[in-house]
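Reviewing the structure listed below.
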Amino acid sequence: MPATIRADKCILCGACLVACPVHAIVRKTVYEVMEERCTDCGRCINYCIAGAIEEQSN
Ligand code: SF4
Ligand code: SF4
């Protein structure tokens, strides 16, 4: 399932934005994953030092 960013944990560092190979992460008022672009590679999850990115469970 696509990754999802928890706004309550995100410290707005931008690391995930840079790490995503398919540019599926965008910054609005918070960072968001564009689900239609996400290939579920898991890379952003490993880059997030705040543990704010989770794989959706459904
Ligand atoms: S799981 Fe991969 S493709 Fe999806 S947002 Fe994270 S880095 Fe990008
Ligand atoms: S890497 Fe984590 S803390 Fe940094 S902007 Fe992305 S979700 Fe937020």
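Selection of the stretch 32-58 for residues being among the small types (G, A, S) and either under 9 Å from the mean Cα position of the chain (by Cα) or within 13 Å of C20 (Cβ to Cβ) (or both) yields G42, A52.
The residues of the stretch 8-58 that are near ligand 1 (Cβ under 9 Å from one of its atoms) and of a type in the set (D, E), listed by number, are E35, D40, E55. When T29 is tested against the conditions (1) within 12 Å of I53 (Cβ to Cβ); (2) at pLDDT below 95, the lone failure is (1).
The values are calculated or read from the model by the stated rules, or taken from the named source; none is laboratory data. Predicted, not measured: the structure shown is a model, and the values here were computed from it. Quick reminder, even Gly has a Cβ in these numbers, built from the backbone with ideal geometry, and neighbours come from all protein chains shown.
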